[in-house]
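Report on the structure given below.
The values are calculated or read from the model by the stated rules, or taken from the named source; none is laboratory data. Since we're looking at a predicted model, the values are computed, not measured. No Cβ is skipped: glycine too gets one built from the backbone with ideal geometry, and neighbour counts run over all protein chains shown.
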Amino acid sequence: MPAVRRTPTALVSGVLGLSLLLAGCGSNLDPTEVAGANGQVVAADGTLVDGTVPGATTGGTTGGTTGGTTGGTTGGTTGGTTGGTTGGTGSTGGSGTVTPGDGSTEPPVAASEKGACEGFKNTTGVTDDTITIGNSSDISGPVPGLFESSSDATKAFVAYFNATVPDGICGRSLVLKTYDSRTDASADQQAYTAACDEVFAMIGSMSAFDSGGAPTAQACGLPDIRSAAVTNERNACSTCFGAQSTQTGEVQNSVADFVIKNYKDSADNAAFLYINAGASSQNATKQASAWGKRGLTFDYIQGIDISEFNYAPYVQQMKDKGIEVVFWTGAYQQSVRLRQAMQQQGYEPKLYLRDPTDYNPDFVSSGGDAVEGTVIFTNFVPFEEAASSPEMTNYISYLNQVKPGANPDFFGVFSWSAARLFVELATRLGGKLSRETLLAEVKKTADWTSEGLHAPQDVGPKQTGDCWRYIQLRDGKWVPVGGTKYSCTGLTQG
């Protein structure tokens, strides 16, 4: 696969907004500022070695669902206007890369029980009893806890797996070692340098400045199945993959199609505003270009400097131009600022459409009435619908066992997904498990849904997922718009 030269377009625009916000704060931290969580180890029973975080010892409210199935909620790349949760199984059976054989959805049968562990060799991070995986996410830095949810979600899956699959992978339970990438590329590099010699694979990591560890991971052959890759260097890394898959310049058609279907009379009066820094401007113009080819007309495309706090002039421009559909690329805090400026000037577009960055309790609480009506395009099961998704229920349940009171989020969803992908592939490989064979299997993984937790992702090919659905903020609560199925209508090059 050719190296990716630019940050991926559609799926990680929220991360880009956060990255830009952080860049304005400054991200180079002194090594003495490493958080105490750096190098933290979660034992096989899900507890930290110091006992400060309780591990899960009982199943979630709906029991385990690790085994792959065919059809049902685990498939989903047949295209068309429904797709998603009702589709077929794809080249790897959706999330069913490991199928029990009887069609059940019980936790995966341990490889040792299937007689597939002959020849298993201990190696870096693997002993007779355990397989140690690592997670490097932004915990300290300019915005403390920025991607701590990814670390927490990976801890939650380790606790879930060890509780529901006591025989583990060829008799080995999972142990998690966590690193703090400190919202800093050099810290990310330091974490991966250590991880090369300390863990078997890195799982569920998430950093706004993930370029630092990319060459290190590739050089030592370290498998890195992340929540998502957000820099050119990480996407170009041959051993690095995102559970949320991306490819440069590929933009999903579903968003433009949603606007044209539901706001047809407003589709030719659109605006695209974005933070004018780094890759954000490139990605915003690519999205506008792709969606223009799909039928939208953008009368106003405008970057806003990261240091700008007065959004009133931009709102006035939209009022003067009669803009009825507004897109925004940036952090949720900036989105709140834009919505507040709209409210202050008595301007309410027919549609304010955002990526999952705004799907955040703080967006709702800080924005109040100003953010009412916001529509979000999302590629995973909304948390409000957890009861309909055993996988989402397990994620939330085990998250609250390893960290009571923690809120699930966008990045945690895909970190959980990354951890499930790892155990399913490792279980299937059994005695053949090595870093090299794991990477070979990851490269084959397409249509990955993590038991229907999210829309299909082409993890191995690193192709942008085209399936999305929509939710709207009404009376302070997120509700479905246009149904609960994903719309999968292909991609356009921006």
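Kindly establish whether P313 is farther than 21 Å from E451 by Cα, free of Cβ contacts under 8 Å to residues at least 12 places away in the same chain and assigned by TED's automatic domain parsing to the domain that holds A284. Can you show your working first?
Values: farther than 21 Å from E451 by Cα: yes; free of Cβ contacts under 8 Å to residues at least 12 places away in the same chain: yes; assigned by TED's automatic domain parsing to the domain that holds A284: yes.
Here the answer is yes, as P313 does meet what is asked.
Only one residue in T285, T216 is outside the structural domain of Y314 (by TED's automatic domain parsing), over 26 Å from A156 (Cβ atoms) and in a helix (DSSP H, G or I). Which one? Give the steps one after another, and end with the answer.
On the way: T285 fails: outside the structural domain of Y314 (by TED's automatic domain parsing).
Criteria check complete, one pass: T216.
Which one is nearest to P456 (Cα to Cα) among residues in the range 360-388 that are of a type in the set (F, W, Y) and touching a helix residue (DSSP H, G or I) at 6+ places or on another chain (Cβ under 6 Å)? Break it down stepwise before answering.
At the first step, the residues of the range 360-388 found to be of a type in the set (F, W, Y) are 363, 377, 380, 383.
Then keep just the ones that are touching a helix residue (DSSP H, G or I) at 6+ places or on another chain (Cβ under 6 Å); that gives 363, 377, 380.
Numbers: F363: 27, F377: 15, F380: 9 Å.
Among residues in the range 360-388 that are of a type in the set (F, W, Y) and touching a helix residue (DSSP H, G or I) at 6+ places or on another chain (Cβ under 6 Å), the one nearest to P456 (Cα to Cα) is F380.
Any chance you could count how many residues in the range 219-235 are part of a helix (DSSP H, G or I) and in contact (Cβ under 8 Å) with a residue 24 or more places away in the chain? Talk me through it step by step, then tell me what you get.
First pass over the range 219-235, keeping only residues part of a helix (DSSP H, G or I): 219, 232-235.
Those left that are additionally in contact (Cβ under 8 Å) with a residue 24 or more places away in the chain: 232, 234-235.
Of the residues in the range 219-235, 3 are part of a helix (DSSP H, G or I) and in contact (Cβ under 8 Å) with a residue 24 or more places away in the chain.
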(Q) Give all pairs with beta carbons closer than 6 Å in which a residue from the range 291-303 that is closer than 20 Å to A277 by Cβ and assigned by TED's automatic domain parsing to the domain that holds N276 meets a residue that is charged (D, E, K, R) and surrounded by fewer than 17 Cβ atoms within 10 Å (Cβ to Cβ); count only pairs at least 6 apart in sequence or on separate chains. (A) Y300/K321
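For the range 299-310, what are the residues that are within 17 Å of R354 (Cα to Cα) and surrounded by fewer than 20 Cβ atoms within 10 Å (Cβ to Cβ)? Break it down into steps so the answer makes sense when it comes.
Looking only at the range 299-310, we keep the residues that are within 17 Å of R354 (Cα to Cα), and these are 300-304.
Those that are within 17 Å of R354 (Cα to Cα) and surrounded by fewer than 20 Cβ atoms within 10 Å (Cβ to Cβ): Y300, I301, Q302, G303.
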Q | Residue list for the range 361-406, filter: within 26 Å of K350 (Cβ to Cβ), in a helix (DSSP H, G or I) and hydrophobic (A, V, I, L, M, F, W, C) | A | F363, V364, A370, V371
Q.
I'd like to check something: does the range 421-437 contain any residue that is under 14 Å from the mean Cα position of the chain (by Cα), surrounded by 20 or more Cβ atoms within 10 Å (Cβ to Cβ) and assigned by TED's automatic domain parsing to the domain that holds A163?
A. yes
Q) Across the range 241-254, what is the total count of residues that are surrounded by 24 or more Cβ atoms within 10 Å (Cβ to Cβ) and either more than 15 Å from the chain's Cα centre (by Cα) or farther than 20 Å from S136 by Cβ (or both)? A) 3
Q) So how many residues does the range 246-279 have that are modelled with pLDDT of 95 or more, out of contact with any helix residue (DSSP H, G or I) (no Cβ under 8 Å at 6 or more places or on another chain) and part of a loop (DSSP other than H, G, I, E, B)? A) 2
Q | Tally, over the range 317-345, of residues that are of a type in the set (G, A, S), assigned to a helix (DSSP H, G or I) and under 28 Å from the mean Cα position of the chain (by Cα) | A | 1
(Q) Which numbered condition in (1) more than 24 Å from I396 (Cα to Cα); (2) not in a loop (DSSP other than H, G, I, E, B) is the only one that G119 fails? (A) (2)
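Could you say which residue among N400, N360, N379, N394 is at pLDDT 95 or above and surrounded by fewer than 23 Cβ atoms within 10 Å (Cβ to Cβ)?
Working: N360 fails: at pLDDT 95 or above; N379 fails: surrounded by fewer than 23 Cβ atoms within 10 Å (Cβ to Cβ); N394 fails: surrounded by fewer than 23 Cβ atoms within 10 Å (Cβ to Cβ).
Exactly one residue qualifies, and that residue is N400.
Kindly indicate whether G452 is touching a helix residue (DSSP H, G or I) at 6+ places or on another chain (Cβ under 6 Å) and buried (at least 22 other Cβ atoms within 10 Å of the Cβ). Give the steps one after another, and end with the answer.
Values: touching a helix residue (DSSP H, G or I) at 6+ places or on another chain (Cβ under 6 Å): yes; buried (at least 22 other Cβ atoms within 10 Å of the Cβ): yes.
Judged against the criteria, G452 is a match.
Out of S173, S186, S238, S211, I need the residue that is part of a strand (DSSP E or B) and either without any contact (Cβ under 8 Å) to a residue 60 or more places away in the chain or surrounded by fewer than 24 Cβ atoms within 10 Å (Cβ to Cβ) (or both). Which one?
Within the list S173, S186, S238, S211, the selection yields S173.
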